[in-house]
Every structure is written in C-alpha cells, then in structure tokens.
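Take a look at the structure below.
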Amino acid sequence: MDRILLGHGSGGTMMHQLIKEHFAPRFEMKSLNDSAVVEGINHGKIALTTDSYVVSPIFFPGGDIGELSVYGTVNDLSMVGAMPLYITVGFILEEGFPIDDLKKILASMAAAAEKAHVKIVAGDTKVVNKGKGDGIFINTAGIGVIEKETDISPSRIKPGDKVIVSGPIGNHGISIIGERNGLTFEPPILSDTAPLNMLVRDMLNATGKIHVMRDPTRGGLATTLKEFATDSGYCIVIEEDLIPVPPGVRGACQLLGLDPLYVANEGILVAISSPDVVDSLIKVMRKNPLGKETKLIGEVQEEPSGMVLLKTSIGGTRIVEMLSGDQLPRIC
Amino acid sequence: MKDKKILTRIKELRDSIDKPVKLMEVCGTHTVAIFKQGIRDVIPKEISLLSGPGCPVCVTAIKDVDVAVAIAKMNGNILCTFGDMMRVPGSKQSFFQAQAEGANIRIVYSPMDALKLALNNKDNKIIFFATGFETTSPSIAGTLYEAEKAGAENFYIYSTHKLVPPALKALLDSGEVRIDGLILPGHVCTIAGCTPYEFLASDYGVPSVITGFEGEDILQGIMMLLEQIAANKPSTEIQYVRAVTKEGNKKALSILNEYFEPCDANWRGIGVIPQSGLRLKKKYSRWDAAKQFAIDVPEAREPKACQCGLVLRGIKIPTDCPLFGRTCTPERPVGACMVSSEGSCAAYYKYGKFALGFTK
C-alpha cells in the first residue's frame, strides 16, 4: 500500500493499522486512547495554543510541513514565556496522498519534537476525498508552563525600551516563494524553521526585564512591530542599516518586488526589553546557536502613538504600515 | 560617506538656481524608492518631486480589465496575470472578484509559467494578460518564441503593453505641467537604452537623467539634473551606468520587434496616446487573445471624482484628491493608482507621513 485511501480515516481496522504502524511508534505513544494523560503541570500558569499548517509546497528548502507544525506551536508557546511540554496533532489527509511522504513528515515531526524537548501525546487522523484537500494539512495544539514571575505582554512596553531581533530576516518566506515558483538561488536560501524555546529559556534566565517577545511569521518583522506599537500605544523606531537582511534575501526581494520587512520567518524572534539589560541580554542570546546573529535594531519612543518609523540609510524617515493582504509580485 | 558629498553638492546647486525646481520621477518604482529611502527628508524643500505615469498597472485601461474578466469567464479558459493586476477595479469587477465568482484566474511570476500551464493543460485555453513597459515586453516576445517552438496551440496573450517615450512626449506636448527635469526609469532603459529618450533634451529642452533605484542612485540622479539646470545645458544622461547603455539590449529589442508593433493605446486616466502601445503583428494574430476571443464589452467610465488621471499627469499630487485616504484606500481602492504597490497614491498612502500631520 503506497497511498492514503478513504478507508484510512474510517475508524476501522485500516485506520488502526495506519496508527499502529506509522504514528504510534514515531511518537512513542503508550496508549491509543483518544486523550493523553500527562504529568508535571503543577505551575501557577499554563499556556495553551493551537495552529494549523497548510504550507505549499509541503517540502521546501530547509524544512517541511512536519517540523514546521511542531516548531510553530513550540514557538507560539515560547513567545509568552512558557516552556512547551506537550503537543497534540491532527492530520487531514487527502485521499491518494503518498504514504512515503507521510512517513517522511512523521519522521521529521518526531525529530523536531525531540529537538524541541516536547512530547507528541495525542493525535487524530481524517481522510478527505481527492480534490477536497491539498495533500496534507496539519493542526497542532500545545501546552506549556509559565514561571510565576514571568510576565510577557505588549502592555509592559515603555518608552526608552530597546528592540532586538535574534537573527536575519526573510529566509523562510523566500525559500517558500522560490520553491513555489521554481526559482533556485545560489547559494540556496533555506527556511530558518527552528524551535525557539531554548533561546527563550536562556533569555528569561538572564533577565526579568523582557517586556514582550514575538516570532515574526506571516506579515514579517514589519507586522510584528506594528502590532507592538498599536497594542502599547507607543512609537517604535527602527534603523534600516541595523536590520539584518541576508544578501540572498535582499536580491530575491528585489527580483520579486517584495519588501523583506514583510517576508515570513519561522526561526527568529523580536524582543523588547528595558534599556539597562539590553547589552547583557544580547550577549546571552549570541551564545545560543539560534541567537548568534542577534542585533539591536531600534527603540521605543513616546510619540507618535501607535506608529512604526524606519530611519533609512540616507537619513530619511518612513512609516512602516501593515499590509492590506499578501505581498504581490510587481510586474516591472 | 558618498551620499553626504552628493547632498552637499545638491544644496550648493540648489542655492545657485533662483527658482523652485520641479522634478518628475516617471517610474512607479522610483516613486516607491523615494518614499522608502526618505529622499524628501534630506533634499532641500525647494526641490519638489512629482510622480509620473510610469506604473503599468495604473495606466491599464478599465476596458482592458473588463475584456480580460469576460475572457476569463469563458468556459475552459484560464487567465494568467502578474499579481499586481489582481486588485485593479474594472467597471464591475477586479480579477480577484471575478476569481471569487469562479473565473479561472492564476497569478504567475513569469509568462513562461503561463506557457508551461498551457503545455500541461491541453484541454484549456491559457491567456496571458500582458501588462508592462519595455522591461517586461521582451520576455513576453521570448515566451511567444518558445510557444511557437513547443507548438502550444492553446496559448494566447492579451497585450496591454505600453511604451514610455510617447507618453512623455504627450505629457510635454500638453503643457499642463511645468517640469524642470525628468528622473527616467533605469529598468526600462536597460532594454530600450538611452537613444529613445534623447528627444526630451534635444526637442523639448528638458534635462533628463536615467537613474537607478538605490538611495544613492536617486540622490546622484537629482544632482545631475540640478547640474544641467544650473548650467542651462539640458541633455539626456545616464546615472545608472552599471546597467544601462546608449543602445540598450539589442537582443531583447530584436525579439520584441519580431513579434510586436507600436499601436495607439488607451492609458487609464489619460486617454489615447498615439503609438504608445504594443500589439502583436498581423502574422502572429493566432496568439492574439483580442482577435481570437470575440469579446464586446461596453465602453468603460472612470469612477466619479477619481483624480488618477490628473495624478498620472503630474497635475495633482495624490493628497489633492478628495477620495484619497477616505473612500479610496489600498484595502478598497477606487482608482488604479491606489491599487498597484507602485502606484503614486498607494505609495503616498503607505509611506507618506499624512498620519503624522504632514501634507507633503
């Protein structure tokens, strides 16, 4: 059997066989009950999140939908200062989906869970008729614990705070757009997909003065900063020359008419902290492999409220707004 | 830093010229780059920068959008387009709206993608909506060459290609707006070269500089224009020497001329400009969607109160329009200049500092 059939979602023996052969051993599931029973959550606060993954293509330079679905949820939990512990996963498979691809994706999810120190503890599989899905969709949900004293929220942003980014921007979005359109780059541009929880742990251990963190996924750095500015009511000023844009991303963006500030990332975070701890925080982050290119890119000001301003290389200023929809390629 | 030196020189030149200077950037990419680099913040305020007609999406006639929508709705047809066109309002619908209603419309990054689609879907007719200036048109010609070789019987193009020099000539002939110098589009000139623009200085006495798109390029282009104005010696110069030659790209031009010929064309908001468009030559009419699909749509009217035409001609700036930022926004555009990412209105809206209370 090399393809998913409708019967694999029937709830009958075919489904049980699929789970027993492929899912359970990969994720070391001890029981096949519908609910997992877990231990070790005795904290004051827990964080819960869910996210669905529909990326196309499902395999792309530097990653695939499987690890993305684990890291995405791990990162969402991490951004509120939680240590992710357990993940559940729901698959929606399209009839005819190659089982070899499913195996690759499961292996990648298992490896990702191990790397991120989380356990995949419960799951669900549905199969839809051919033509009613795009191969595979994955939903993951996660649970994590937050130390009592940790408080990460845009409401803590204050004028004078510093803005840092943990690595170069644009790699994930460009790798996807490239793969989708048959463009190859030399050297190749790889997705930055990565779990940020260990970097966040290092950061939280270093200081309690991190006011907010977020991973700039869809909508990119610009959208995340705009969200911070709107939610806090302050102004965020960033400097163009300080923002790390890899040459390959810059070139591809010029070619495609995109702005790297709006291109998706999957393995970096933006943080805003008190100015007095920013230098030591950057030092700590640079010691972690995922933060070795951490940069200070700007600061928070009182006015104009709710705006993001960018100081350009030649000394001008421009407003950074959210996009109304997707970035579209230009035509000339 | 080099831009500091250029800025000092710009200020010196500005002081030696005894009137305010009005420069026009012809190309939408420049309009966006000028905002993105914050050029207006660093140059003297006596130098004003006007946006010109150089956004191919903005000048695509409403009727062309209507015809393409009608073609896309015909059974078995797939319309392929560059992404920028998707939101441009037609009389009744944009491509996005038609797509939501079930018309088969796809975004491609290159005309070759549309040809590939044709070769893989022999039961469908694939129509490529060909928009753009001289930068894009040779790649369409190249695609037709490939289509011919591959025997793609089901591939068509709908040409709304436009040429920049006739539009500039029409603009100067109209005398509606005083222009002291033209920042000419670097990308277009990599193909067309410098020669087609020499009439600007020789016949009209308007200083012109073919300029690149980095902040420093634009500042240098402005400096070169001011040098010409100060010395009262108009000429057509190239700042963007790393990409533009006098003759242009001969290979690209020869394939373009093999398939296309100039024709009168309707520019949205401006009207018909003689010999300013490109159509397929008669011997290639089997590829021509305008000929192969008998489509008759009513004459289209510009939306009321929309000032895109005046903006495209440099007579008004976007903020002069009563609709700007009120009924016309990038989310719900009325006129085409608000749609394209390189349209003047969209650039003013996105990057301008109106939200901060500035007016220019």
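A few notes on this one:
- Loop-resident trypsin sites (Lys or Arg not before Pro) (DSSP state other than H, G, I, E or B) in the stretch B:158-211 with no more than 14 further Cβ atoms inside 10 Å of their Cβ: B:Arg178.
- Surface accessible to a 1.4 Å probe, A:Met198 within the full protein complex, Å²: 40 Å²
- Rounded to the nearest 20 debye, the dipole size of the stretch B:1-308 about its Cα centre is 340 debye, using +1 on the Cβ of Lys and Arg and -1 on the Cβ of Asp and Glu.
- A 1.4 Å probe run over the stretch B:233-360, with the rest of the protein chains in place, finds 54 Å² accessible per residue.
- Per-residue shielding of A:304-317, expressed as the average number of other chain Cβ atoms within 10 Å of the residue Cβ, stands at 5.
- Whole-percent carbon and sulfur share, accessible surface of the protein assembly as shown, 1.4 Å: 51 percent
- Among the residues of B:25-37, the average count of other protein chain beta-carbon atoms within 10 Å of the residue beta-carbon is 2.
- In this assembly, the B-A interface accounts for approximately 2700 Å² of buried accessible surface in total, computed with a 1.4 Å probe and without ligands, DNA or RNA.
- Residue pairs, from the table A:Lys162/B:Lys350; A:Lys158/B:Lys316; A:Lys104/A:Lys295, whose Cα atoms sit over 30 Å apart: A:Lys158/B:Lys316; A:Lys104/A:Lys295
- Cα-based shape type of the protein assembly as shown, given that a ≥ b ≥ c are square roots of the gyration tensor eigenvalues and the cut on a/c is 1.5: oblate
- Longest to shortest principal axis, alpha-carbon extents of chain A, angstrom: 66, 55, 32
- For the protein assembly as shown, the Cβ-based charge dipole about the Cα centre amounts to some 780 debye (Lys, Arg positive; Asp, Glu negative; other atoms uncharged).
- Look at the dipole of the stretch B:1-308 built from charges on Cβ: of B:Ala230, B:Cys194, B:Ile105, the Cα furthest out on the positive end belongs to B:Ile105.
- Whole-number accessible area per residue in Å² for the stretch B:24-164, which is evaluated in the context of all protein chains at 1.4 Å: 32 Å²
- Out-of-range pairs (alpha-carbon distance over 25 Å; input B:Lys2/B:Lys36; B:Lys125/B:Lys304; A:Lys30/A:Lys148; B:Lys122/B:Lys291): B:Lys125/B:Lys304; A:Lys30/A:Lys148
- Sorting B:Glu25, B:Glu302, A:Glu149, A:Glu94 by accessible area puts them as A:Glu149, B:Glu302, A:Glu94, B:Glu25; the probe is 1.4 Å, largest comes first, and only protein heavy atoms count.
- Between the residues A:Met83, B:Thr327, A:Pro61, the greatest Cα displacement towards the positive end of the dipole of the protein assembly as shown, with unit charges on the Cβ of Lys, Arg, Asp and Glu, is found for B:Thr327.
- Nearest-10 value in Å² for the accessible area of A:Glu39, using the 1.4 Å probe: 150 Å²
- Helical contribution to [θ] at 222 nm, DSSP H n ≥ 4, -39,500 (n - 2.57), averaged over chain B, rounded to 500: -11000 deg cm²/dmol
- Sites B:Ala305 and A:Arg218 - FRET efficiency at Förster radius 41 Å, r taken between beta-carbons, to 0.05: 0.70
- Residues in the stretch B:209-223 occluded by at least 20 Å² - accessible area, probe radius 1.4 Å, against chain by itself: B:Glu214
- Cα pair distances of the stretch B:309-352 binned at 5 Å [whole percent]: 5, 29, 38, 24, 3, 0
- Cα shape, chain B, gyration tensor, a/c 1.5 rule: prolate
- Seen against the Cα atoms of chain A and their longest principal axis, helix A:197-206 is set at about 40 degrees.
- The mean number of partner chain beta-carbon atoms within 10 angstrom of a residue's beta-carbon across peptide B:335-343 is 2.
- Computed over the stretch A:65-183, the ratio Rg/Rh where both radii use C-alpha atoms and Rh is Kirkwood: 1.06
- Surface per residue (accessible, 1.4 Å probe) for chain A, Å²: 44 Å²
- Gyration tensor verdict on the stretch B:220-350 (Cα atoms; rounded if a/c is under 1.5, prolate if a/b is larger than b/c, oblate otherwise): oblate
The values are calculated or read from the model by the stated rules, or taken from the named source; none is laboratory data. Remember, predicted model here, so these are calculated numbers, not experimental data. Methodologically, a virtual Cβ is constructed for each residue, glycine included, from the backbone with ideal geometry; neighbour enumeration extends over all protein chains shown. Each accessible area value is taken on the protein alone, full model and side chains, heavy atoms only, with ligands, DNA and RNA left out. Shrake-Rupley method; radii C 1.70, N 1.55, O 1.52, S 1.80 Å.
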